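Asker: Have a look at this one before I ask anything.
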Amino acid sequence: AVAEAIDIPIMLYNVPGRTGTKIEPETIAKLSKVPNIVSIKEACGSVDQVTQILSLCDIEVVSGDDSLTLPMMSVGASGVVSVAANVVPAEGSALCAAAARNDYPAAREIHYRLAPLFKGLFFETNPMPVKAALSRMGMIENVLRLPLVPMQEAVFAKLQPILEALKLV
C-alpha cells in the first residue's frame with residue numbers, strides 16, 4: 001500500500017537481525033511486481049536466499065552484509081549497502097567493481113584484506129563500531145543517539161589493530 005501510494009523507487013530491507021523476521025523469497029517475488037519496488041537489501045546471511053529470490057523474479061538484490069558481498073555478487077547480486085564503505089569507500093567500491101566485471105581474483109584479494117574489518121565493525125551493534133572507527137580516523141565526532149552509546153574502550157581495543165593493519169589510524 002505504501003509503495004502504491006508514492007512515486008519513488010523503493011528498496012526493500014530484509015534484515016532479520018534488526019526486525020526479528022525474514023521476508024521469504026516468495027513474498028519478495030510478489031512484492032517485486034509492484035512497479036516502484038525495484039530492489040532489496042538482503043541481509044539474511046544466506047547466499048541461498050539470494051539464489052531463491054533471483055530464481056523467482058528479477059528484482060535487483062543488493063547485499064546487506066559486507067562479508068557476503070562477494071559470494072552474493074557471484075550468484076547475481078549487484079552490490080552492497082555497506083557499513084565498511086563508510087570507513088574504506090574506495091576499497092568497497094573496488095571490490096564491487098571487480099566482481100561486477102567478473103574479475104574474481106581481484107575481488108577476492110580485496111575481500112580477504114577487508115574481512116577482518118567486516119567482522120570488527122560488528123563487535124558491537126551497528127553503528128557504534130563504525131562511528132568509533134571514523135572518530136579515531138579524525139573524520140567525525142563519536143556521537144550517537146540513545147539508546148546507543150559510544151563503543152566501550154575495551155571492545156574498541158579489538159578493533160584498533162584491524163584499523164592499524166589497514167593503515168586507517
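Asker: Report whether or not R145 is of a type outside the set (G, A, S), more than 14 Å from V83 (Cβ to Cβ), part of a loop (DSSP other than H, G, I, E, B) and open to solvent by 70 Å² or more (accessible area, probe 1.4 Å).
Answerer: It is true that R145 is of a type outside the set (G, A, S), more than 14 Å from V83 (Cβ to Cβ), part of a loop (DSSP other than H, G, I, E, B) and open to solvent by 70 Å² or more (accessible area, probe 1.4 Å).
Asker: Kindly list, by first and then second residue, each pair from a residue in segment 44-62 that is farther than 10 Å from E26 by Cα to a residue that is among the hydroxyl-bearing types (S, T, Y), limited to pairs with Cβ atoms under 7 Å and residues at least 6 apart or on different chains.
Answerer: From residues that are farther than 10 Å from E26 by Cα, the pairs are I59/S32; I59/S39; E60/S39; E60/S78; V61/S78; V62/S39; V62/S78.
Asker: Just to be sure, is L95 crowded, with 20+ Cβ neighbours inside 10 Å and closer than 30 Å to A29 by Cα?
Answerer: Considered against the rule, which asks whether it is crowded, with 20+ Cβ neighbours inside 10 Å and closer than 30 Å to A29 by Cα, L95 comes out as yes.
Asker: A further question on this structure: What number of residues in segment 64-106 are more than 22 Å from L54 (Cα to Cα), small (G, A, S) and more than 11 Å from the chain's Cα centre (by Cα)?
Answerer: Residues meeting the conditions: 4.
Asker: Given the conditions (1) without any contact (Cβ under 8 Å) to a residue 24 or more places away in the chain; (2) of a type outside the set (K, R); (3) assigned to a loop (DSSP other than H, G, I, E, B), report the number of the one that M151 does not fulfil.
Answerer: Against the list (1) without any contact (Cβ under 8 Å) to a residue 24 or more places away in the chain; (2) of a type outside the set (K, R); (3) assigned to a loop (DSSP other than H, G, I, E, B), M151 comes up short only on (1).
Asker: If you don't mind, there's one more thing I want to ask. Within segment 26-47, which residues are closer than 17 Å to G76 by Cα and more than 19 Å from the chain's Cα centre (by Cα)?
Answerer: Answer for segment 26-47, where residues must be closer than 17 Å to G76 by Cα and more than 19 Å from the chain's Cα centre (by Cα): A29, S32.
Asker: Kindly list, by first and then second residue, each pair from a residue in segment 108-130 that is more than 10 Å from L95 (Cβ to Cβ) and in a helix (DSSP H, G or I) to a residue that is open to solvent by less than 40 Å² (accessible area, probe 1.4 Å) and of a type in the set (F, W, Y), limited to pairs with Cβ atoms under 9 Å and residues at least 6 apart or on different chains.
Answerer: Qualifying pairs under 9 Å: P129/F156.
Asker: So, in segment 150-169, exactly how many residues are surrounded by 12 or more Cβ atoms within 10 Å (Cβ to Cβ) and among the basic types (K, R)?
Answerer: 1
Asker: Looking only at segment 1-50, count every residue that is of a type in the set (S, T, N, Q) and over 16 Å from V80 (Cα atoms) and tell me the total.
Answerer: Qualifying residue count, segment 1-50: 5.
Asker: Quick one: in segment 105-142, of everything that is over 23 Å from G17 (Cα atoms) and among the aliphatic types (A, V, I, L, M), which residue is least open to solvent (accessible area, probe 1.4 Å)?
Answerer: Selected residue: A107.
The values are calculated or read from the model by the stated rules, or taken from the named source; none is laboratory data. Not measured: the values here are computed from a predicted model. Positions of Cβ are generated from backbone atoms using ideal geometry, with glycine treated the same way; all protein chains shown enter the neighbour counts. We work out accessible area using only protein heavy atoms, side chains counted, and drop any ligands, DNA or RNA first. Shrake-Rupley method; radii C 1.70, N 1.55, O 1.52, S 1.80 Å.
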